[in-house]
Amino acid sequence: MHKTLFVTVALALMLSAASASAQFNASRGANAPAPVAKDVEFADEDGKVHRKRVYVAPKEDRYGNAAGTQYDLAVDGAFEGQTIAVLQFYTLENFDFSLPKAALKEKGFSVYRWSGTAPPVAELKAGLGKSCQLWIISGSERHLTDAHLDVIKEYFEAGHGVYVWGDNDPYYTDANAVARKLFGGGMTGNLPGGETVPVRKGKKKVGIAPNHDLTTGLVHLFEGITIATLEPNDALEPLVYGSKGNLVTAYYDHKGRRAIFDGGFTRLYCNWDTAGTARYVKNSAAWLVNYERFGDDVVATKFRKDSK
């Protein structure tokens, strides 16, 4: 009896792992993909053909990141039919979310966006019930009520990913309200950015985290134009330190819950074609799906049921 149970559990775990791996590329978690083995033929002076195995590094873009969507975290189309809900309160400077939307579409995501104002609480809850994750882009004024925050916290605690974007002072009002509700975080300040940062080495506090799902395929990443600094928080793990040594982006990954907290939303529309932004956006969405927890049933079905 015990042996049968063990075999059943082991088989389930193997099937789960195989299903998860199908969503993600082979270079998952590697900043720079390993060289690929390739057999080449050549003829010697006598015309005899020989075969030799060589290792070829992937082609790089002009910023040194591996070129090609096969080096993103997720396979193209992996999350077809899944929706990302976006609360966008900063709408100046022609920031219409079109660039991130196009990048996310490559992985199968569609976007449902509230722009400029918060929807009624019931509408927000209904929208989240059809979404696999929530992104919040803060403005300088408070838009989210305590009732909105309660809904967002319920969604987060059910295991659905939340990306909280702020920027330089004062564009982090709602970002800080949400962060403090979910994991006690906050951001402050206004620092000039505009630089590209490399993979972080050793204890140096400049650059991106090495060998994490979120930084798959990224050797260099644009930090944003003007950026805020995240406050110290034991619940958050550093992801991006800016060129001035300040913590720009961190992630939360505890007890089956995931979130990203970011002080540089200018990356979403300024210098979009600079190092790594599109890949980073796609990686973030793929990670926040929390596929390891939900499998193919990533939409918040229980949450949707509760909202009726």
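Nothing in this text is a laboratory measurement; each read-out follows from the coordinates by a stated rule. In this text the structure is predicted, and so the values were computed from the model without any measurement. We place every Cβ from the backbone using ideal geometry, glycine too, and count neighbours over all the protein chains shown.
In Å, the Kirkwood hydrodynamic radius of the stretch 97-159 over pairs of distinct alpha carbons?
Values: mean 1/r = 0.0773 Å⁻¹.
Across the stretch 97-159, the inverse of the average 1/r is 12.9 Å.
Would you list, by chain and number, the aspartates and glutamates whose Cα falls below 20 Å from the Cα of Lys244, excluding same-chain residues fewer than 8 positions away?
Asp167, Asp169, Glu195, Glu223, Glu231, Asp262
Tell me, Lys181, Lys125, Lys153, Lys203 in order of fewest to most beta-carbon neighbours within 10 Å? Don't jump to the answer; show the numbers that get you there.
Values: Lys181 18, Lys125 23, Lys153 14, Lys203 5.
With the sparsest Cβ surroundings first, the list reads Lys203, Lys153, Lys181, Lys125.
Mind checking the alpha-carbon convex hull of the stretch 134-203 and giving the volume per residue in Å³? Intermediate results must be reported in sequence, preceding the final value.
Numbers: hull volume 8.9 nm³, N = 70.
Spelled out: Cα convex hull of the stretch 134-203, divided by residues, is 127 Å³.
Hey, got the dipole for the stretch 69-307? About the Cα centre, +1 on K and R Cβ, -1 on D and E Cβ, debye to the nearest 20? Don't jump to the answer; show the numbers that get you there.
Numbers: 26 positive and 28 negative charges, 77 e Å.
Using only the charged Cβ atoms, the result is roughly 360 debye.
If each DSSP helix of 4+ residues adds -39,500 (n - 2.57) and the sum is divided by the residues in the chain, what number results at 222 nm, nearest 500 deg cm²/dmol? Please report the intermediate quantities before stating the final value.
Values: 8 runs with 83 residues, N = 308.
One gets -8000 deg cm²/dmol as the mean residue ellipticity at 222 nm.
Can you put Arg279, Arg180, Arg51, Arg113 in order of Cβ neighbours within 10 angstrom, beginning with the fewest?
On the way: Arg279 22, Arg180 12, Arg51 8, Arg113 15.
Going from least to most buried by this count: Arg51, Arg180, Arg113, Arg279.
Once the convex hull of the alpha carbons of the stretch 69-307 is built, what does its volume come to per residue, in cubic angstrom? Let's see the in-between values first.
Numbers: hull volume 25.4 nm³, N = 239.
In the stretch 69-307, the Cα convex hull volume per residue is 106 Å³.
On alpha carbon coordinates alone, what is the Rg over Rh value for the stretch 64-188, Rh being the Kirkwood radius?
Details: Rg = 15.1 Å, Rh = 15.3 Å.
Value, to two decimals: 0.98.
Taking the Cα centroid of the stretch 139-184 and of the stretch 223-269, what is the distance between the two, rounded to the nearest whole Å?
Here the answer is 14 Å between Cα centres.
Beta carbons within 10 angstrom, averaged per residue: use that to sort the peptides 228-234, 244-250, highest first. Mind showing how you got there, number by number?
On the way: 228-234: 18.1, 244-250: 21.4.
Top of the packing list down: 244-250, 228-234.
Can you put Thr216, Thr196 in order of Cβ neighbours within 10 angstrom, beginning with the fewest? Write out the running numbers ahead of the final one.
Working: Thr216 26, Thr196 18.
Fewest-to-most ranking of Thr216, Thr196: Thr196, Thr216.
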